[in-house]
């Protein structure tokens, strides 16, 4: 796995948190059951996973 500095990981975490927030604001505007809605839900889930992994890496 690539090695990243603590600062790079913290910046990535801030960017991911911002993206999650923006996605969650848009989600209610999309009609449930559409491909856009499903894709956004999956993206949010993936971003939460990425965030968790970065937090875990920062703890090491």
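One line per residue, one yes/no per condition, for (1) under 19 Å from residue 3 (Cα atoms); (2) exposed (fewer than 11 other Cβ atoms within 10 Å of the Cβ); (3) in contact with a helix residue (DSSP H, G or I) (Cβ under 7 Å, 6 or more places away or on another chain); (4) without any contact (Cβ under 8 Å) to a residue 12 or more places away in the chain:
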{"residue": "19", "(1), (2), (3), (4)": "no, no, yes, no"}
{"residue": "25", "(1), (2), (3), (4)": "no, yes, no, yes"}
{"residue": "28", "(1), (2), (3), (4)": "no, yes, no, yes"}
{"residue": "35", "(1), (2), (3), (4)": "no, yes, no, yes"}
{"residue": "44", "(1), (2), (3), (4)": "no, no, yes, no"}
{"residue": "47", "(1), (2), (3), (4)": "no, no, yes, no"}
{"residue": "50", "(1), (2), (3), (4)": "yes, no, yes, no"}
{"residue": "56", "(1), (2), (3), (4)": "yes, yes, no, yes"}
{"residue": "59", "(1), (2), (3), (4)": "yes, yes, no, yes"}
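Of all residues in region 1-16, at least one satisfies being surrounded by 12 or more Cβ atoms within 10 Å (Cβ to Cβ), on the phi < 0 side of the Ramachandran plot and not in a helix (DSSP H, G or I).
Here, each number is a calculation from the coordinates, and none is a lab measurement. Quantities reported herein were computed from a predicted structural model and do not represent experimental measurements. When we count neighbours, we look across all protein chains shown, and the Cβ atoms used for this are built from the backbone with ideal geometry, even at glycine.
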